[in-house]
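Just so you know, all these numbers are worked out from the coordinates, no wet-lab data involved. Since we're looking at a predicted model, the values are computed, not measured. A quick note on method: Cβ atoms are made from the backbone with ideal geometry, for glycine too, and the neighbour counts reach across all protein chains shown.
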Amino acid sequence: MDFKNTFTLKSIEMKEKRVIRDAIHDYIQIDHLVIWHLINSKEMQRLRRIKQLGGTYQVFQSAEHSRFVHSLGVYQVIRRMIATECVEKSLNDYDKLCVMCAGLLHDLGHGPFSHSFEGVFHENHEAMTVRIILEESEVHQILKSVYQDLPKDVAAIIQHTHSNQILIQMVSSQLDADRMDYLLRDSYMTGTTYGQYDMSRILRTMRICDHKIVFKESGVQAIENYILARYHMYWQVYYHPTARSYEHLLQSIFLRVKDLCDMNYCWKTKLDYLLPFLYQKISVQDFIDLDESVIMYYFKEFTKEDDTILKDLSIRFLNRKLFKYKQLKNQNEQTSIRQLAKKLGYNPKYYIISDNQKQIPYLHYGEKGELNEIEILSNDGKLSPLPSKSEIVSAILKSKQFKSDKKIFFPKEIKNEISIL
Ligand code: CA
């Protein structure tokens, strides 16, 4: 018999269980030493220095929670899924360990201020998470000390390549532990209530059918509630224009740093932590060394630089002098705003930014084209896609009028000039 079939979670159970008190899940219990070691690894501890919501705390001032606490929360939701009768019976102990690790580690590859950073430096957080798990890192060593293939099997869940669909669905699908935690947590931490839904009800109606996770028909209302919660959180919190303004300012700073390096600008600041990212030769260690505390230190240093654009943007960032915004009517308007800014001495590349946010509340297919439908199990044992069992979800899909929002962002100082254009 091979290791995967003979392995028992009992064999790695700690005599003294650890508990972590959490604002969302109350007590999160740690039963296994490997999980405890992973939590204490330097790669996981780094996530304390990466905020879950990037710049959103500039709008919802109390939303200062980190990716570290979110990761613990995802682990806890996975534990609750495993404890349901259907999953408990369907997975062996090795798969349960793999999926608990994957839930805990799924966000390791997030950089500082994730989305703005990824936009400029073309880092992909999922690919980086996989590298951290597979290459030289404490996390890799800890996983390998349990079983040589454990890093590979955990990475396969995060990459969606694992042969067991159930494990992938638990960590990443339209109804997964990641979203289940972040909706409740972000909602609680921002002080908004849109993200609340009935998680216990959803977990109770979870079933395994044809080797995948499905939900009983009696859970449809709880799922509708969850989908609307997500939709509303996007518009009210994640896509809040002020948070977008903050992200754009960040992105302009990163872009200016990159452009200055290309121009062989003479830096006062020692850019050691950023250089690997500029030259696209990033080792796992380089990546781990960069977190939001380093970036914040850089922004302070940038205020002493000779380059007026970088200096100005950094001062704006540190003192929350965010860009103002207005609804964008058409392309011509964008062109005239850019020309006007240029005339007034603002380089439009860094000072005039437009974006178009779209949110699709429910997808028939996943981002990578794979079937990603939430499936509903009827009493007669038949499976059907959620929209055919939910008038609310089907109405949203039929309307095809997915909300989209085009805005243009600019410095406050030219607000009056723009308004009379
Ligand atoms: Ca996450």
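Do any trypsin sites (Lys or Arg not before Pro) in region 207-311 lie in a DSSP loop with no more than 16 other beta carbon atoms within 10 Å, and if so, which?
Working: sites: Arg207, Lys212, Lys216, Arg230, Arg244, Arg256, Lys258, Lys268, Lys270, Lys281, Lys300, Lys304, Lys311; in loops: Lys268, Lys270, Lys281, Lys304.
Passing both the DSSP loop test and the Cβ count: Lys268, Lys270, Lys281, Lys304.
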| field | Positive dipole terminus of the chain, leading residue within Thr6, Ile50, Gly345 (C-beta point charges) | value | Gly345
| query | For the chain, what's the relative contact order in percent, using C-alpha pairs closer than 8 Å and at least 6 residues apart? | reply | 15 percent
| Which residues' amide hydrogens lie under 5 Å from the amide hydrogen of Ser66, considering only partners 5 or more residues apart or on another chain, with H built in the peptide plane? | Gln52
| query | Taking only Cα atoms, what is the 0 to 90° angle, nearest 10, from helix 292-302's long axis to the longest principal axis of the chain? | reply | 10 degrees
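Count neighbours as other Cβ atoms within 10 Å of each site's Cβ, and list the GluC sites (Glu not before Pro) in region 44-90 that are DSSP loop with at most 15 such neighbours. Before the final figure, lay out each step's value.
Working: sites: Glu64, Glu85, Glu88; in loops: Glu64.
Of the GluC sites (Glu not before Pro), the ones in loops of region 44-90 whose Cβ has at most 15 other Cβ atoms within 10 Å are Glu64.
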| Mind listing the phi-derived Karplus ³J(HN,Hα) values for region 259-266, rounded to whole Hz, using 6.51, -1.76 and 1.60 with θ = phi - 60°, and x for any glycine or proline? | 5, 4, 5, 4, 8, 6, 4, 8
| message | I'd like the Karplus ³J(HN,Hα) series for region 33-50: coefficients 6.51, -1.76, 1.60, θ = phi - 60°, whole numbers in Hz, and an x wherever there's a Gly or Pro. | response | 4, 4, 5, 4, 5, 4, 4, 8, 6, 5, 5, 6, 4, 4, 5, 5, 9, 10
| What number comes out for the charge environment of Leu53, summing +1 per Lys or Arg and -1 per Asp or Glu over other residues with Cβ under 11 Å away? | 0
| note | Whole-Hz Karplus couplings 3J(HN,Hα) for region 117-123, θ = phi - 60° and coefficients 6.51, -1.76, 1.60, Gly and Pro as x, run 5, 4, x, 8, 9, 6, 8
| said: Among Ile315, Ile295, Ser336, whose Cα projects farthest towards the positive end of the dipole of region 274-345, with charges put on the beta-carbon of Lys, Arg (+1) and Asp, Glu (-1)? | reply: Ser336
| With axes computed from alpha carbons, what is the tilt in degrees of helix 67-83 against the longest principal axis of the chain, rounded to the nearest 10 within 0 to 90? | 20 degrees
| said: Between region 183-261 and region 49-119, how far is it from one alpha carbon centroid to the other, in angstrom? | reply: 12 Å
| query | Out of Thr192, Thr269, Thr205, any idea which swings most in a Gaussian network model of the chain, alpha carbons joined below 10 Å? | reply | Thr269
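Around Ala63, what is the net charge, scoring Lys/Arg as +1 and Asp/Glu as -1 over all other residues with Cβ under 10 Å from its Cβ? Don't jump to the answer; show the numbers that get you there.
Working: positive: Lys51, Arg185; negative: Glu64, Asp186.
Neighbourhood net charge equals 0.
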| remark: Under 18 Å by backbone N from the virtual spin label 7 Å along Cα-to-Cβ at Met14, the residues of region 33-49 are 33-46
| said: Looking at the chain as a GNM with Cα springs under 10 Å, which of Asp149, Asp405, Asp210 has the largest mean-square fluctuation? | reply: Asp210
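Rg to Rh for region 202-307: what is it, with Cα atoms only and Rh by Kirkwood? Please report the intermediate quantities before stating the final value.
Details: Rg = 22.5 Å, Rh = 18.1 Å.
In region 202-307, Rg relative to Rh is 1.24.
Which value at 222 nm does the chain reach when only helices count, each DSSP H run of 4 or more adding -39,500 (n - 2.57), with the total divided by all residues and rounded to the nearest 500 deg cm²/dmol?
Numbers: 24 runs with 218 residues, N = 421.
Mean residue ellipticity, 222 nm, calculated: -14500 deg cm²/dmol.
Beyond 23 Å between alpha-carbons counts as too far, so tell me which of Lys96/Lys389; Lys96/Lys212; Lys304/Lys324; Lys321/Lys349; Lys268/Lys342; Lys321/Lys343 fall in that bin. Walk me through the intermediate numbers first.
Values: Lys96/Lys389 31 Å; Lys96/Lys212 15 Å; Lys304/Lys324 25 Å; Lys321/Lys349 18 Å; Lys268/Lys342 28 Å; Lys321/Lys343 21 Å.
In this structure, Lys96/Lys389; Lys304/Lys324; Lys268/Lys342 exceed 23 Å between Cα atoms.
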| note | Semi-axes of the chain from the Cα gyration tensor (sqrt of 5 times each eigenvalue, largest first, whole Å) come to 40, 28, 17
| field | Length-normalised contact order for region 221-380 - Cα pairs under 8 Å, 6+ apart - percent | value | 27 percent
| task | Can you tell me the dipole magnitude for region 206-348 around its Cα centre, using point charges on the Cβ only (Lys, Arg +1; Asp, Glu -1), in Debye to the nearest 20? | result | 640 debye
| Nearest 10 degrees, 0 to 90: helix 331-343 Cα axis against the chain principal axis | 50 degrees
| field | Under 5 Å, built H, 5+ apart or other chain: amide partners of Ser354 | value | Phe409
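Could you put Asp181, Asp176 in order, starting from the residue whose Cβ has the fewest other Cβ atoms within 10 Å? Don't jump to the answer; show the numbers that get you there.
Numbers: Asp181 26, Asp176 20.
Final ranking by Cβ density, sparse to dense: Asp176, Asp181.
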